[in-house]
Amino acid sequence: QVQLVESGGGLVQAGGSLRLSCAASGTISSINIMGWHRQAPGKKRELVATITWTDNTNYADAVKGRFAISRDNAKNTVYLQMSSLKPEDTAVYYCNAVQWSGSSSWGQGTQVTVSS
């Protein structure tokens, strides 16, 4: 079992920056990929960025060049540094962990609101 707790969301003006954190606990060694997804009101949840256990990263086209995913293994924490934020980035951001078994765990989500 893996538990995830997100933090760092909030209200920011367009052009600003925020850093989200996702602290993982439980069977950390079972995690293959961690990532961030987001869901805006009335829209489907979408992938934002992922990072594998070998530090390979992947980004949605909408955030390439503006967002950066990273992790601190010593703290069992994954970060999402968001820069040049746009109003369309407004959403609830969810941390996700996919285990080698294929099981997937989700955090409770953190709200990011970007004002124009």
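Things worth noting here:
- Gyration tensor (Cα) of the range 1-61, equivalent ellipsoid semi-axes in angstrom: 23, 15, 13
- Ignoring aspartates and glutamates fewer than eight residues from residue 75 along the same chain, the ones with Cα atoms less than 14 angstrom from its Cα are 6.
- Rounded to whole Hz, the Karplus (6.51, -1.76, 1.60) HN-Hα couplings of the range 45-59, x for glycine and proline: 5, 10, 6, 10, 7, 9, 9, 8, 5, 9, 6, 6, 10, 8, 10
- Share of carbon and sulfur in the accessible heavy-atom surface of the range 51-93 [1.4 Å probe, %]: 47 percent
- Order by protection proxy (mean Cβ within 10 Å, highest first), peptides 75-82, 8-15: 75-82, 8-15
- In order along the range 63-73, the Karplus-derived 3J(HN,Hα) couplings, from 6.51 cos²θ - 1.76 cosθ + 1.60 at θ = phi - 60°, round to 10, 4, x, 10, 10, 9, 9, 8, 8, 10, 5 Hz, and Gly and Pro are given as x.
- FRET efficiency for the residue 43 to residue 68 pair, using the beta carbon distance and R₀ = 30 Å, is estimated at 0.85.
- Vicinal HN-Hα couplings computed from phi for the range 20-37 (Karplus, 6.51 cos²θ - 1.76 cosθ + 1.60; Hz; Gly/Pro x): 9, 10, 9, 8, 9, 9, x, 7, 4, 5, 8, 7, 9, 9, 10, x, 10, 10
- Entry comment: accessible area of the chain is 52 Å² per residue, from protein heavy atoms only and a probe of 1.4 Å.
- What you get for the chain, charging only the Cβ of Lys and Arg (+1) and of Asp and Glu (-1), is a dipole of about 120 debye around the Cα centre.
The values are calculated or read from the model by the stated rules, or taken from the named source; none is laboratory data. On a predicted model such as this, the values are computed, not experimentally measured, just so you know. Here the Cβ is made from the backbone with ideal geometry for all residues, glycine too, and neighbour counts use every protein chain on show. Ligands, DNA and RNA are excluded from the accessible area calculation, which covers all protein heavy atoms including side chains. Shrake-Rupley method; radii C 1.70, N 1.55, O 1.52, S 1.80 Å.
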